[in-house]
1. For PHE32 and MET12 in the same chain, what is the full-extension length gain: residue separation times 0.36 nm, less their Cα-Cα distance, in nm?
2. Size of the dipole of the stretch 1-65 about the Cα centre, Lys and Arg at +1 and Asp and Glu at -1 on the beta carbon, nothing else charged, in debye to 20?
3. Report the one residue of ASN27, GLY37, LEU57 whose Cα lies farthest in the direction of the positive end of the charge dipole of the stretch 1-65 (charges on C-beta: Lys and Arg +1, Asp and Glu -1; origin at the Cα centre).
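Values quoted throughout were computed directly from the atomic coordinates according to the rules given, and no laboratory measurement underlies them. In this text, all values refer to a predicted model and were calculated from it rather than measured experimentally. Ideal geometry is used to build each Cβ from the backbone, glycine not excepted, and the neighbour counts take in all protein chains shown.
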Amino acid sequence: VNLFRILDKPEMLATAVYACCRLSPDNLVNGFERADGTSETLSPADLVLCLKAQRGLLRKDSLDSFSNSSTQ
């Protein structure tokens, strides 16, 4: 997310947010350490964006699973 913000590529944000949704809560909130020892973290606004996206994906997956199980 940070990279696409720096590069001013808003069309890539959805892909980056989706990738963030696959991170563990710890990595999402605390970020990670780069090879050079610096830390990479999301801005508070982007963290909220990713958490909302995670929640939405989980909700959709749950609804899809329920829908599929009730039609079988």
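1. 5.1 nm
2. Dipole magnitude for the stretch 1-65 comes out near 260 debye.
3. Checking the options against the dipole of the stretch 1-65, the answer is LEU57.
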